[in-house]
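The structure appears right after this line, and notes come after that.
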Amino acid sequence: MKHFLLALLACGVFSIPNFGQKGWTWQNPKPDGNTLNDVSIFGNGYAVSVGYQGLILRSADNGESWSKIESGITSILYGVSMNANGTGWVVGVPGAVLKTTDNGLTWTKQVTGNPYSYYAVATNNANDCLVGGYTGTMYISNDGGTNWINRPTNSAKPIRSIFLDPKGMIYTGHDGGIIQRSADNGVTWQTLPSPLTTTINDIKFIDSLGIAVSTGGKILRTVDRGITWTLINASNPYNLNTVSIIDIHNVIIMGATGQILNSSDGGVSYTVNYLSQDNAHPINAVVVKPNNFYLCVGDFGLIAKSQNRLDWTIKTDGFLGYIYDICFTDTLQGFAAGSYHGILKTVDGGETWAVKNQSIFHPDYRTLFFLNRSIGFAASNSNLFKTTDSGETWTKILSATTVPAISGMIYSIFFLNQARGWIVTDNGNTYKTLNGGTTWVSYPSGVTKVLTEVIFKDTLNGFVTGWGGTFLRTRNGGATWTQQNTSFTTTLSCMYAFNLDTLIVAGASGKVYKTADGGENWNAITMPPSIRSQSFVKVRFINETTGWLCGSQGAILKTKDGGDSWSLLPTNVAHDLFSFSFTDEHHIWAAGMGGTIIKTTDGGGTSSVETHKIEPSGFSLVQNYPNPFSESTTLKYILPKRSPVKLEIYSITGVKMATLVNVERDAGEYQITIDGNRLPGGIYFCRLTWGQAEGCSIRILKN
C-alpha cells in the first residue's frame, strides 16, 4: 500500500526550503522505542534489526551501537535476512519487500505482485530469497529480486517463519501448528505431522535436528528432518517467539516476559532464566554469530547482547520501564513518573534523566502535579509524595497509615495554589487539603467507581471524571459531589475545563464529548476516521483554541478550534502514550509504554487534516484528505477572486514532475485528486500559484 503525508511548509514566492529537525524525536529509549521484530547478524560486524513504523536499525560494531536507517515506509516490518556479502531483504505489511546491497545502508522496494502481509523471509545467497505470510502464500526469487514466482503452500494459514537449509530444503511454520517443507524450490509441498494447533512462531534446523517454538510455551523437536516431532512443554505457558540452534547440543529459545530457555542436550531439556530483573518485555528474535556472541531484540526497542547465553547486557540507550505521567516546568526542567525507575528528572530538556525517588520495591508512580519549578507532588499506589526543592528530595505526606488513612490507588492530583489541593482514587474517594498537604480530609464522592481526574476552577467549583461515564461536580469545594446527567457510559479518563460551563471529556474507544452548560448536556465530537479503537488518557489546552489529546497506539491529536475538530499528528510511535506536557505551543513532550519519551519543538509536525489559509489575499491551499492515503488523495484550493492558477508537483531537487492545474478560474472552492501510482517514492512539493508571483507549497512524502 502506498502512503502519502502532506504538510504545509510556506507561503509566498515558491522555493525549496531547507529542513531542520521537524516533528517528533525519540528521547528515550534511543535510537528508537518502537517494537523490534527480527534481527540478522552478517559480514564483518554488521547487524540489522527491523520493527514497527518501518523501523530499520543498523549496527557496524557487532551490536554495540545502533543507528536508524531510512526505510521509506511507516508500516510494520516483521522479518529480515542478510547475507555475508551485504545483500539482504526485509519484509512486512502490506506486501512490503525491501532489498539492500550495501550492508543495510540503503534499501529499495521490491515488487512481488502480492498485496498481502509478509511475516517471514529467508535467504542464503545474493540471488535466492523466499518471502511468506498471509494466506500461506510464498513468493520466491532466484535472480536477486528482479522476478518473483508465486509458490503457494498446501495451507492457507499464514506463514510465520521460514527456514532455508544449506541444501535447499525449505521449512515453513504456520498458524494452527502447521509445518511444511519443500525440496524443489516450492513447487511441491509436504505437510509434516504436528501435534500442535497453536501458532508456530519460529523454526530452525541444523542437519537433521530441528526445533519449532509456539504460543502457549510449546516446543517441538525433531531429529529426522521433520518426519516426526516430539512435543516439549516449557516451564511456563507464555508465548515462545524465537529459537536459535548453535550446534547439535546447544539451543536457545526466547519469548514473552523476557524468559530465556537454554539447552545443552540438543533441545531435550531446558534451564530457564530471564534477560534481567527489571525487564519483562517480550523478546521477538535471537541470533548467534558462530563462536562469537548472541543478539536478541524485542518490544519497545529492546536490544541485548551476550557472550555466553546467560549474562546479557542491554544495548538500548535508556530505560525500558513504563512512563505514566510527564510534567515540564520549563523547556529544560521536567519530571517523569513510571514503573521500575520511580520519579525521573531532567535539566536538559529531556536529553538525560536521573532517578530522584525510587524504593527497592519498584513502585509504580502514576501521576504528577507541579505548581511551579520547586513545588510538586507525585503519587504511587496509595502514597502521596511532595517536593519543595525541584524534585531533588521527596517526602511522603499521605499513605495507608496516615490519618486519615488513604483508601485506594491515587489516580489524579490537582492543586489550585500552594495551600489548596485535591486527590481522587480508584474506589471513588476524594481528599482535600488546605495547608499544602500537611493534613487531609476525606469526602465521599457518592460513587464507588474509579475516579480518573479532578480539576478545580476556583475554591468552590470543581469536576471529577471516572469510569462508566462518571462526571461529578461540586460547588462547595469538594464537600459534596453531584453526578451530572450523562447519556453515555464510556469510561472517562481525562478532561479539560475552559470555564465553569465549557468542558471537554475524553476516554475509551476514541470518544470525546463537549459541554457548554457545565455538564448538563453533551455533544459528541466527530474524530478523524482513523480514530476508532484508541483510548484517550489526557487532554490539555494552552489557550481557548489550541489543545492536544493523547492515548493508545501512539495517538496525539491537535485542535485549533477549541476542541470542535481534531487532527492526528505524526508521532511515529506504535504503542500507547499515557501523558504529555507542554511549555508553549512548540515544545511538547509525550511519554508512555516501554519508557517512551518523545519531544517536538515545532508543535508536533503538521497534522493530517489541518487547513491553512493565506492571508491577507484569501487564497487557500487546503491539507489533503485522507492522509496518509493509499492510491489517491484529494487536495482543495480556494480562490477569493477570478485568477490564473497553477498547481504543480516538484521533486525535492526542484524538477517538475507534473502540472495538475493550469487555467484561469472564477472565485470558488475547487478540488483535485492526486494519483499516487504516477509518482515514484520520494519527497515532493505541491505548488499552488496565482496571479504572477504569489503562491504556497505543500510537502509530499510518498512511500
Cross-link reach from K167 to lysines, straight Cα distance under 18 Å and at least 8 residues apart if same chain, gives K204
At a 10 Å Cβ-Cβ cut-off, how would you order I73, I423, fewest neighbours first?
I73, I423
Neighbourhood charge, 14 Å Cβ-Cβ cut-off, centred on N284 and excluding it, Lys, Arg +1 and Asp, Glu -1:
-2
With each label point set 7 Å from Cα along the Cα-Cβ vector, what nm distance links D102 and A516?
5.8 nm
Can you work out the base-10 log of I(q)/I(0) for the chain at q = 0.08 1/Å, using the Debye formula on its C-alpha atoms alone?
-0.73
Show me 241-252, 139-150 ranked by packing, highest mean number of other Cβ atoms within 10 Å first.
241-252, 139-150
Relative contact order of the chain, pairs being alpha-carbon contacts under 8 Å that are 6 or more residues apart, as %:
11 percent
Given +1 on the Cβ of Lys and Arg, -1 on the Cβ of Asp and Glu, and no further charges, what dipole in debye does the chain carry about its Cα centre, rounded to the nearest 20?
540 debye
For the range 105-215, taking Cα atoms only, what is the radius of gyration to one decimal and the Dmax to the nearest whole Å?
13.4, 42
Give, rounded to the nearest 20 debye, the magnitude of the charge dipole that the range 506-604 has about its Cα centre when Lys and Arg contribute +1 at Cβ and Asp and Glu contribute -1 at Cβ.
320 debye
Taking DSSP loops as anything outside H, G, I, E and B, show the longest stretch in the chain free of trypsin sites (Lys or Arg not before Pro) there with at most 10 other beta carbons within 10 Å.
168-531
For V131, V272, which order do you get if you count the other beta carbons within 10 Å of each Cβ and list the fewest first?
V272, V131
Likely footprinting exposure, D165, D202, D207, fewest C-beta neighbours within 10 Å first:
D207, D165, D202
Say R0 is 41 Å: what FRET efficiency, to the nearest 0.05, do Q190 and N291 get from their beta-carbon distance?
0.75
Report the one residue of F488, V223, L57 whose Cα lies farthest in the direction of the positive end of the charge dipole of the chain (charges on C-beta: Lys and Arg +1, Asp and Glu -1; origin at the Cα centre).
F488
For the range 118-210, with the dipole built from +1 on Lys and Arg beta-carbon atoms and -1 on Asp and Glu ones, taken about the Cα centre, which of I206, I149, M138 lies farthest toward the positive end?
M138
On a full-extension model of 0.36 nm per residue, what is the gain between S487 and A354, subtracting their alpha-carbon distance, rounded to one decimal in nm?
43.3 nm
Between I542 and I672, what FRET efficiency comes out of the Förster formula 1/(1 + (r/R0)^6) with R0 = 25 Å and r the beta carbon distance, rounded to 0.05?
0.10
Hey, can you rank 47-54, 170-177 by average C-beta count inside 10 Å, highest first?
47-54, 170-177
To the nearest 0.05, what FRET efficiency results for D389 and L460 with a Förster distance of 35 Å applied to their C-beta separation?
0.65
Taking a spot 7 Å from the Cα of D317 along the direction of its beta carbon, which residues of the range 567-581 have an amide N less than 18 Å from it?
none
Which entries of K511/K599; K30/K345; K432/K511; K99/K315; K356/K560; K68/K157 have Cα-Cα distances beyond 28 Å here?
K432/K511; K356/K560; K68/K157
Label-point separation (nm) for N476 and T448, each offset 7 Å from Cα along Cα-to-Cβ?
2.4 nm
So if I take the centroid of the Cα atoms in the range 96-143 and the same for the range 475-536, what is the distance between those two points in Å?
48 Å
Distance between the range 253-310 and the range 331-390 - C-alpha centres, whole angstrom
32 Å
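Here, each number is a calculation from the coordinates, and none is a lab measurement. Given the structure is predicted, the values throughout are model-derived calculations rather than measurements. With ideal geometry, Cβ positions are generated from the backbone for all residues, glycine too; neighbour counts draw on all protein chains shown.
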